[in-house]
């Protein structure tokens, strides 16, 4: 069995979903313009690959302490329908269907949370989601901590390997679609890296290595 792995932000979805989520929060009165500007700053640092992702995630997740997991899942379903679905790439849908026809295992592999990624996975019929997991206590509330490793950089390889071991495919024979230089470790680990809407640093690397580049 082979696998096709897809990043979410700026790959299957044209936009950065963290920004879309804060816009949603702002619309329902739960975030200020300052919150939105802060997220835009983090996104810029993320794109440039100069952010301390673990430190930022630690701060962000701490704010969710005591929130019911079920409430977050429900909210993300509403957010996806109102703010994200319109930005899902048609060519991304086509790539997913092509791999489905080949019989490949399909998975979204993203630095976002499962709650953000699962609505997209359901919409595209992708059975598996590999994401940054949040710790939940016995009562169903977030503890304010994430589960190591964060699904970012080398952490994506760790989590993707777990999926491979569980479902019996070789990561070294998989295809991975991504836009981000921060995904270079996983792109280097697979047989077929496909570069989609790349940031400038990843575009340079892709051209140097002769990797396929696509605009979705």
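The values are calculated or read from the model by the stated rules, or taken from the named source; none is laboratory data. The model shown is predicted, which means the values in this text are computed figures rather than measured ones. When we count neighbours, we look across all protein chains shown, and the Cβ atoms used for this are built from the backbone with ideal geometry, even at glycine.
Every residue, every condition in (1) touching a strand residue (DSSP E or B) at 6+ places or on another chain (Cβ under 7 Å); (2) under 15 Å from residue 14 (Cα atoms), yes or no:
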residue: 71; (1), (2): no, no
residue: 76; (1), (2): no, no
residue: 80; (1), (2): no, yes
residue: 103; (1), (2): no, no
residue: 106; (1), (2): yes, no
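Among residues of the stretch 161-179 that are in contact (Cβ under 8 Å) with a residue 60 or more places away in the chain and at negative phi, those with a Cβ under 6 angstrom from a residue that is part of a strand (DSSP E or B) and surrounded by fewer than 19 Cβ atoms within 10 Å (Cβ to Cβ), sequence gap 6+ or separate chain, pair up as 175/192. If you check residue 112 against the conditions, is it modelled with pLDDT of 95 or more and in contact with a strand residue (DSSP E or B) (Cβ under 9 Å, 6 or more places away or on another chain)? When the stated conditions are applied, residue 112 does not pass them. Any residue in the stretch 59-79 that is within 22 Å of residue 151 (Cα to Cα), touching a helix residue (DSSP H, G or I) at 6+ places or on another chain (Cβ under 6 Å), crowded, with 20+ Cβ neighbours inside 10 Å and modelled with pLDDT of 95 or more? Yes.
Can you find a residue in the stretch 38-56 that is outside any helix (DSSP H, G or I) and at pLDDT 95 or above? Within the stretch 38-56, not a single residue is outside any helix (DSSP H, G or I) and at pLDDT 95 or above.
Hey, among the residues in the stretch 100-120 that are part of a helix (DSSP H, G or I) and touching a helix residue (DSSP H, G or I) at 6+ places or on another chain (Cβ under 9 Å), which one's nearest to residue 70 (Cα to Cα)? Before you say what the answer is, go through the steps one by one.
Narrowing the stretch 100-120 to residues part of a helix (DSSP H, G or I): 100-102, 114-120.
Applying the additional criterion that residues be touching a helix residue (DSSP H, G or I) at 6+ places or on another chain (Cβ under 9 Å) yields 114-120.
Values: 114: 12, 115: 9, 116: 13, 117: 15, 118: 13, 119: 14, 120: 17 Å.
Looking at the filtered set, the residue picked out is 115.
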